[in-house]
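Asker: Take a look at the following structure, please.
The values are calculated or read from the model by the stated rules, or taken from the named source; none is laboratory data. Not measured: the values here are computed from a predicted model. Virtual Cβ from ideal backbone geometry, glycine too; neighbours counted across all protein chains shown. For the accessible areas, the whole protein counts, side chains as well, though only heavy atoms, and no ligand, DNA or RNA atoms are used. Shrake-Rupley method; radii C 1.70, N 1.55, O 1.52, S 1.80 Å.
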Amino acid sequence: MKHILLILAYLFLIPLSHSQKLIIPDISARVDTSKVEVKAVYHLYKEYLNSRMDSVYQNPHWNKKQAELAVKLKASSVDRAITWLFWTDSIGKKHRWFNAPKVLQIDKIEENRYQIKTIFMNRCEKDDDKAFNPDCITKLYAVKDENGAFKLENVIDYDTRNWKKYKYKNINYVVQPFMKFNKRRAKEGVAFCNKIAKQFALKQLPFTYYMTSNPDEMIKLSNLDYLLSYTTGFTDLQTRTIFTSFSHESYPHEFVHMLFYNSTNKYAGTGFIGEGLATWLGGSGFNSTYEEGLKKFSLDIKDNNTIDLDKIISFEYRNPFDNDPFYLTGGVICSMVYEKYGASGIFELYNSPDMISLKKLLEKMFNMSYEEIDLKVIKYIKEYSVKK
């Protein structure tokens, strides 16, 4: 895992590596288990670590309402940090395994509420891997329920209880208290959503938009006090929530993810098209348009004689600082299909369930072999900077 900018909406869960082993988390000297409540919280957390953390069910160790909501929404996990803890790397080939976690703190922060902070370390088989530690530090709350039993909670509701809240059309903004809300930019965001919704006949349902001042503040809302990988924004589609680390009320890339999910009630079949579509319509990130990103990418590869689609899709060819080659190439394919088939062609791409099916669909749409499509797309990208 490299330090890269990840604008994430597609995270691929893997089975827990220690599903058959008892996890006994270590504790730091700061965790005083001689105290009755601290000991109770520690045992609750240990039992949770040995439950099916990567599954969505009425987990008995978790806050009942939060678990029920996760089940109802068919969320990827009850614990907001789990999606980040156990996922394949961006190439999708190398699983990330962890040593036994270490509990750094179990502290009382108010009556009947404790915080639990835990550090997760990768197993480093090579010396070069040691720079990629620690992987993350998680934070959860343990709160007494109506029966006096401690249950775990996500931090987001409690930690944003005093944040400013604004409603602008169908967007519910939740903003850090010291940040100013700009109605003009909110209006720009609504106008963008209206434009895309009209272009593709998409539903506009209410969603929540968390606006934070930096990536660390943003990722804290997912129960992570520290995360090795670097992300500036992402969309939690099942809970219809956008998170951004930019002091800005409009994030077109993430709006596209939200709009298409609201109309189809499902993710794009492949991240390649899902991210490509959001990039083509909304830019590869927050502060770069599709056209700007494509021109830069074109200049980067114009003299590269070995690059092809599969190298981009598999991340064999990549930018060390961002995922733009993958995003922009998907965007090029979306633009080519739209030019030929309009909105119906875009939905066919979106609904294609996997890369094998997608390649066959593209062959059918363009009436040429995948190899010919490969050459056509790469040629288009290389020539883009010259044309523009």
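Asker: Return the pair list, or none, for Cβ contacts closer than 6 Å from residues in the stretch 212-234 that are under 22 Å from His248 (Cα atoms) to residues that are open to solvent by 10 Å² or more (accessible area, probe 1.4 Å) and among the charged types (D, E, K, R), at least 6 apart or on different chains.
Answerer: Ser222/Arg80
Asker: On to the next question. Of the residues in the stretch 351-388, how many are in contact with a Ser or Thr (Cβ under 7 Å, 6 or more places away or on another chain) and among the aromatic types (Phe, Trp, Tyr)?
Answerer: Residues in the stretch 351-388 being in contact with a Ser or Thr (Cβ under 7 Å, 6 or more places away or on another chain) and among the aromatic types (Phe, Trp, Tyr): 1 in total.
Asker: Now a separate question. How many residues, within the stretch 107-130, are modelled with pLDDT of 75 or more and open to solvent by 50 Å² or more (accessible area, probe 1.4 Å)?
Answerer: Number satisfying all stated conditions: 6.
Asker: Now, a different point. Could you check the stretch 22-55 and list, in sequence order, the residues that are of a type in the set (A, V, I, L, M, F, W, C), farther than 13 Å from Phe150 by Cβ and open to solvent by 50 Å² or more (accessible area, probe 1.4 Å)?
Answerer: Within the stretch 22-55, Leu22, Ile24, Ile27, Ala29 meet the criteria.
Asker: When Trp87 is evaluated against the numbered criteria (1) closer than 24 Å to Gly271 by Cβ; (2) open to solvent by 20 Å² or more (accessible area, probe 1.4 Å); (3) modelled with pLDDT under 70, which criterion, by number, is the only one it fails?
Answerer: Only one criterion is unmet by Trp87, namely (2).
Conditions (1) among the basic types (Lys, Arg); (2) assigned to a loop (DSSP other than H, G, I, E, B), marked per residue:
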| residue | (1), (2) |
| --- | --- |
| Thr138 | no, no |
| Lys151 | yes, no |
| Arg184 | yes, no |
| Ala191 | no, no |
| Lys195 | yes, no |
| Leu202 | no, yes |
| Thr208 | no, no |
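Asker: Provide a single number: the residues in the stretch 35-77 that are modelled with pLDDT under 90 and outside any helix (DSSP H, G or I).
Answerer: Selection size over the stretch 35-77: 14.
Asker: Among the candidates Val174, Val143, single out the residue that is assigned to a strand (DSSP E or B), in contact with a strand residue (DSSP E or B) (Cβ under 6 Å, 6 or more places away or on another chain), in contact (Cβ under 8 Å) with a residue 40 or more places away in the chain and open to solvent by less than 30 Å² (accessible area, probe 1.4 Å).
Answerer: Testing whether each residue is assigned to a strand (DSSP E or B), in contact with a strand residue (DSSP E or B) (Cβ under 6 Å, 6 or more places away or on another chain), in contact (Cβ under 8 Å) with a residue 40 or more places away in the chain and open to solvent by less than 30 Å² (accessible area, probe 1.4 Å) leaves just Val143.
Table: residues versus (1) closer than 30 Å to Ser263 by Cβ; (2) open to solvent by less than 20 Å² (accessible area, probe 1.4 Å).
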site	(1), (2)
Asn305	no, no
Leu309	yes, yes
Asp324	yes, no
Phe347	yes, no
Ser352	yes, yes
Lys360	yes, no
Lys376	yes, no
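Asker: In the stretch 193-209, how many are at negative phi, open to solvent by 30 Å² or more (accessible area, probe 1.4 Å) and touching a residue at least 24 places away in the same chain (Cβ under 8 Å)?
Answerer: 6
Asker: Also, quick follow-up: Do we find a residue being among the charged types (D, E, K, R), touching a residue at least 60 places away in the same chain (Cβ under 8 Å) and in a helix (DSSP H, G or I) anywhere in the stretch 368-378?
Answerer: Looking through the stretch 368-378, at least one residue is among the charged types (D, E, K, R), touching a residue at least 60 places away in the same chain (Cβ under 8 Å) and in a helix (DSSP H, G or I).
Asker: In the stretch 249-302, which residue that is polar (S, T, N, Q), more than 25 Å from Lys359 (Cβ to Cβ) and touching a Gly at 6+ places or on another chain (Cβ under 8 Å) is surrounded by the fewest Cβ atoms within 10 Å (Cβ to Cβ)?
Answerer: My answer is Thr289.
Asker: Evaluate the stretch 97-106: report whether one residue or more is modelled with pLDDT under 95 and open to solvent by less than 60 Å² (accessible area, probe 1.4 Å).
Answerer: Yes, the conditions are met somewhere in the stretch 97-106.
Asker: Follow-up. Could you figure out which of (1) within 30 Å of Asn194 (Cβ to Cβ); (2) under 20 Å from the mean Cα position of the chain (by Cα); (3) not β-branched (Val, Ile, Thr) isn't true of Asn154?
Answerer: Of the numbered conditions (1) within 30 Å of Asn194 (Cβ to Cβ); (2) under 20 Å from the mean Cα position of the chain (by Cα); (3) not β-branched (Val, Ile, Thr), the odd one out for Asn154 is (1).
Asker: Across the stretch 303-336, what is the total count of residues that are in contact with an Asp or Glu (Cβ under 8 Å, 6 or more places away or on another chain) and assigned to a loop (DSSP other than H, G, I, E, B)?
Answerer: Within the stretch 303-336, residues that are in contact with an Asp or Glu (Cβ under 8 Å, 6 or more places away or on another chain) and assigned to a loop (DSSP other than H, G, I, E, B) number 3.
Asker: Whether any residue in the stretch 163-170 is open to solvent by 80 Å² or more (accessible area, probe 1.4 Å), within 30 Å of Ser335 (Cα to Cα) and modelled with pLDDT of 95 or more is what I want to check.
Answerer: No, the stretch 163-170 contains no residue that is open to solvent by 80 Å² or more (accessible area, probe 1.4 Å), within 30 Å of Ser335 (Cα to Cα) and modelled with pLDDT of 95 or more.
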